[in-house]
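Remarks on the structure that follows.
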Amino acid sequence: MALLRIRKFPDDVLKKPALPVESINGRLAQLLDSMAQTMYAAPGVGLAAPQIGESQRVIVIDTDHEEPGKHLLKLINPEIVESEGKIIWEEGCLSVVDYTADVERAKHVLVRAWTPEQKQIEIEGDELLAVALQHEIDHLNGKLFIDRISRIKRELYKRKRNKMLKEGKADHDERPSKVLI
Ligand SMILES: [Zn+2]
């Protein structure tokens, strides 16, 4: 296992739809272990493979930081099969430096996925877990939460980010004390 480098906006890999996993093997299990380790170290409550430069449909999520690992989800080819209600959550992202914004999502989702043990499972999520599942599955579709906010806000963020990159402040680790997904 190793800590993986988290790709930051505007890295191209974050815009690319990820490919479905065709075989669940030891290499993939290792990748998921390293992703979980990277997520806890960040710290964040979720991480999708494109965020570490692997364009594959796999995500890890753990919304319970009181007991890390106990509710860790490692999901392969996750798909939202049902969604209900509305919720507005202030989202942040490990790939979007220094920015959070309110995003509207479904309040409840049902997700179907495969596990590293090659079992097909269904996960029901409400509130933060529902938000995290939708946010991570968006990553697999090449979408960031800043694609779901108003154009003005997005342009302002892009400008701020470009300025940071020019000034060489691109990868500083100062983060808002918000939940990062
Ligand atoms: Zn994210």
Assess whether Lys107 counts as being more than 16 Å from the ligand (Cβ to nearest atom), over 14 Å from the mean Cα position of the chain (by Cα) and modelled with pLDDT of 95 or more. yes
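From the list Ile137, Ile121, Ile149, which one is more than 16 Å from the chain's Cα centre (by Cα), under 23 Å from Ile6 (Cβ atoms) and not basic (Lys, Arg)?
Ile149
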Please find, among Pro43, Pro17, Pro68, Pro78, the residue that is out of contact with any strand residue (DSSP E or B) (no Cβ under 9 Å at 6 or more places or on another chain), in contact (Cβ under 8 Å) with a residue 60 or more places away in the chain and not hydroxyl-bearing (Ser, Thr, Tyr). Pro17
Determine whether the range 70-91 contains at least one residue that is touching a Phe, Trp or Tyr at 6+ places or on another chain (Cβ under 7 Å), under 30 Å from Glu155 (Cβ atoms) and either in a strand (DSSP E or B) or at pLDDT 95 or above (or both). yes
Of the residues that sit in the range 136-170 and are outside any helix (DSSP H, G or I) and under 28 Å from Ile61 (Cβ atoms), which one is nearest to the ligand (Cβ to nearest atom)? Leu144
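Listed here are the residues, each with its yes/no results for (1) away from the ligand (no atom under 15 Å from the Cβ); (2) polar (S, T, N, Q).
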site: Met35; (1), (2): no, no
site: Gln51; (1), (2): no, yes
site: Glu84; (1), (2): yes, no
site: Gly92; (1), (2): no, no
Among the residues of the range 26-69 satisfying the criterion of being among the acidic types (Asp, Glu) and modelled with pLDDT of 95 or more, which is farthest from Leu4 (Cα to Cα)? Asp62
Scan the range 21-33 and report the pairs whose first residue is touching a residue at least 12 places away in the same chain (Cβ under 8 Å) and whose second residue is surrounded by fewer than 13 Cβ atoms within 10 Å (Cβ to Cβ) and part of a loop (DSSP other than H, G, I, E, B), with Cβ atoms within less than 7 Å and a gap of 6+ or a chain change. Ile24/Gln118; Asp33/Met1
Inside the range 24-56, can you point out the residues that are surrounded by 22 or more Cβ atoms within 10 Å (Cβ to Cβ), assigned to a loop (DSSP other than H, G, I, E, B) and not β-branched (Val, Ile, Thr)? Gly44
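The values are calculated or read from the model by the stated rules, or taken from the named source; none is laboratory data. Just so it is clear, the model here is predicted, and its values are computed rather than measured. Don't worry about glycine lacking a Cβ; one is built from the backbone with ideal geometry, like all the others, and counts go over all protein chains shown.
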